[in-house]
Amino acid sequence: MIEMLGAPDHVVAVRLSGRLTGGDMDELTAAIEAKLARHPRIGIVADLADMAGLSLEALAKDIRYNISKLGDWKRFPREAVITESSWVRAAMSALDPVVPHVEVRSFAPADRAAALTWAGAFDERA
């Protein structure tokens, strides 16, 4: 399930819970594309604290969408991931230096407000 969270207009903030379906990924993609239509660059906040996994269809849609955005990574300057999972935190730390144009940082659930502030703190026009 995807729940859209309150955020500045140049930030997509979502809480992902349970096992995500292909329909959930369609909803998330539509939200991202709507923000990209209004802003040259957007921040992302993904609260994964209650996520239990992805269906195969959701995983395939996520991979396809990410591949379609390879040339547009500079449009996603900051991505905050909220999680208690140590392996997700480690993965985010490993991704940060290798994903060009994108800063990736993980936050604890208690630091949701800081994640939202950080994800939106960039020059939208750069």
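A short reminder: the numbers here are calculations on the coordinates, not readings from a lab. Here the structure is a predicted model, which is why all the values come from computation and not from measurement. Cβ coordinates were reconstructed from backbone atoms using ideal geometry, including for glycine residues, and neighbour counts include every protein chain displayed.
Which FRET efficiency value, to the nearest 0.05, is calculated for SER93 and ALA52 with the Förster distance at 30 angstrom and r the Cβ-Cβ distance? Intermediate results must be reported in sequence, preceding the final value.
Details: r = 23 Å, r/R0 = 0.75.
Taking R0 as 30 Å, the efficiency between SER93 and ALA52 is 0.85.
Averaging Cα coordinates gives a centre for segment 88-126 and one for segment 54-80; these two points are 15 Å apart.
Ranked for footprinting exposure by Cβ neighbours inside 10 Å, fewest first, SER93, SER55 give SER93, SER55.
Note on LYS74 and MET1: with the Förster distance fixed at 35 Å, the Cβ-Cβ geometry gives a FRET efficiency of about 0.70. With a ≥ b ≥ c taken as the square roots of the eigenvalues of the C-alpha gyration tensor of segment 79-126, please select rounded if a/c is under 1.5 and otherwise prolate if a/b is larger than b/c or oblate if it is not? It is oblate, given that a/c is not under 1.5 and a/b is not larger than b/c. From helices alone, the chain scores -12000 deg cm²/dmol at 222 nm; the rule is -39500 (n - 2.57) for each run of n ≥ 4 DSSP H residues, then divide by the residue total.
With no solvent and one equal point scatterer placed on each C-alpha of segment 2-120, evaluate the Debye formula and give log10 I(q)/I(0) for q = 0.19, 0.22 Å⁻¹, two decimals. The Cα Debye sum returns log10 ratios of -1.11, -1.56.
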